[in-house]
Amino acid sequence: MNLLYISSLSSRNLIDFVHKKTNRDPGFAVQKFNRLVVEGFIKNNINVKVFSNPPLNAVAKKRWISVPTEFEEGIKYEYASYFNLPIIKDIFVVLHTFIKVLVWGIKDRKNNAVICDVLSISANIGAILASKLLGIKSIGIVTDMPGLMVTESPRDTKKKRFYAIVNKSYLSSFSHYVFLTEQMNEAINIKNRPYIVMEGLCDSKLSDFITNSFYKEYPRTIMYAGGLYEKYGLKILVEAFCQIKRDDIKLVVYGSGPFVKDLQTISQRDSRIDYRGTAPNDVVIRAELEATLLVNPRPTNEEFTKYSFPSKNIEYMTSGTPLLTTKLPGMPKEYYPYVFLIQEETIDGYRKAIEDTLNMDNNILTEKGESARRYILNYKNNIFQTARILDLINQN
């Protein structure tokens, strides 16, 4: 089988360049997810090529953008070229992707398939048009619901709402689907096409690391990493933490978003709060290994939580550090034995959950974290998960 992977996936070198130039998150979570999928296919002995619409908007100064092909860690990255102008750029990406898929897929059509991260809109449109013309399978990986993604500004919201309308116009056109939650299938797969639910995946190589060898920070450290939005529960988490009257704990936060200013103001009043900005994934993972407790405070009453499974939950559980989380609607109950659960989504409920967990014996915390790690490494690693995608593709 031959696969062409369409997304914004770029080399680590390119993503590091964007991050250093902007000091902003260039989509670390998206990059990590897509890279793990591609690496999983390679480890399943599949011939996979990457064609990308790279996240260069924040650093691109030239009108004509053309990134040379790169080879990195066994992956070949080819990039769409375009004029860096509104609308014109999208048209070029559509055309370039269409031509790329057409040329690549015309040979050996029975064994060719295109896999698309559905949020890479312009590239997806070109890929779908070409795959339908060729009669080859197209698999849409749906990691977020169009129109329900949290955004940073009213202008950004309007732009993403427009793209969400475009996205929905082609979302039902794939021949197969990979969803993060069952609720996604109910909302998107109106033609009842073959699909699987894949909440996320972890790097199979992490099974080689022994997490107990890492130094655990003191004082006891609660950590959050991800988007800093009030809708993600950051405000209630911080307010709950501030109510805990202990000097031997601290809250470490990584990420970016509109809650940053509030967080910085609060941290001036409470020195136990340590905001570290954005950082490459390897830095964040090291901090997760050193923390006492990882927290996902995302409220369950928001509509978008039905259609999401935070990739951070997989990353947290893989670290071997215990996870405290809400009962997200998109999280299957099979995860419950491996995490600590926030029972009441109020400031007092969050405070109590954090205190109760931190008061547990170290052996209990260690066993909870290690059991979660074993579960994820055995059943959610990228080799196992991409093998499931391959089984899906082989369905008629």
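With respect to (1) open to solvent by 30 Å² or more (accessible area, probe 1.4 Å); (2) modelled with pLDDT of 65 or more; (3) outside any helix (DSSP H, G or I); (4) not acidic (Asp, Glu), the lone exception for Ile125 is condition (3).
Candidates in segment 268-290 are the residues that are part of a helix (DSSP H, G or I) and of a type in the set (Val, Ile, Thr); of these, the one that is farthest from Asn359 (Cα to Cα) is Val283.
Residues are listed down the side, and each one gets a yes or a no for (1) open to solvent by 30 Å² or more (accessible area, probe 1.4 Å); (2) within 14 Å of Leu293 (Cβ to Cβ); (3) out of contact with any Leu (no Cβ under 9 Å at 6 or more places or on another chain):
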| residue | (1), (2), (3) |
| --- | --- |
| Thr346 | yes, no, yes |
| Tyr350 | no, yes, no |
| Asp356 | yes, yes, yes |
| Ile364 | yes, yes, yes |
| Arg373 | no, no, no |
| Arg388 | yes, no, yes |
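Among the criteria (1) farther than 13 Å from Pro322 by Cβ; (2) among the charged types (D, E, K, R); (3) surrounded by fewer than 18 Cβ atoms within 10 Å (Cβ to Cβ), the one Lys380 does not fulfil is (3). Here Arg63 clears all of (1) touching a strand residue (DSSP E or B) at 6+ places or on another chain (Cβ under 7 Å); (2) under 22 Å from Ile125 (Cα atoms) except the condition numbered (2).
Annotation note: of Ile222, Ile244, the sole residue that is in a loop (DSSP other than H, G, I, E, B), modelled with pLDDT of 90 or more and closer than 17 Å to Arg272 by Cβ is Ile244.
Among the residues of segment 38-68, those that are aliphatic (A, V, I, L, M), free of Cβ contacts under 8 Å to residues at least 60 places away in the same chain and either touching an Asp or Glu at 6+ places or on another chain (Cβ under 7 Å) or outside any strand (DSSP E or B) (or both) comprise Val38, Ile42, Val50, Leu56, Ala58, Val59, Ala60, Val67. Kindly evaluate Thr305 against the criterion of being open to solvent by 10 Å² or more (accessible area, probe 1.4 Å), farther than 23 Å from Pro219 by Cβ and in contact with a Lys or Arg (Cβ under 8 Å, 6 or more places away or on another chain). So Thr305 does not fit the description; no. Would you point out the residue of segment 81-110, among those that are in contact (Cβ under 8 Å) with a residue 40 or more places away in the chain and under 19 Å from Trp64 (Cα atoms), that is surrounded by the most Cβ atoms within 10 Å (Cβ to Cβ)? Only one residue fits best here, namely Thr97.
Cβ-Cβ distances below 7 Å connect the following pairs, each with a first residue in segment 1-22 that is modelled with pLDDT of 95 or more, a second residue that is of a type in the set (Phe, Trp, Tyr) and open to solvent by 10 Å² or more (accessible area, probe 1.4 Å), and a separation of six or more residues or different chains: Leu4/Trp104.
Kindly establish whether Ile273 is aliphatic (A, V, I, L, M) and either over 23 Å from Lys312 (Cα atoms) or within 23 Å of the chain's Cα centre (by Cα) (or both).
no
The values are calculated or read from the model by the stated rules, or taken from the named source; none is laboratory data. Keep in mind the model is a prediction, meaning the values are calculated, not measured. Cβ sites come from the backbone with ideal geometry, for glycine too, and all protein chains shown count toward neighbours. Surface accessibility is based on the protein's heavy atoms, side chains included, excluding ligands, DNA and RNA. Shrake-Rupley method; radii C 1.70, N 1.55, O 1.52, S 1.80 Å.
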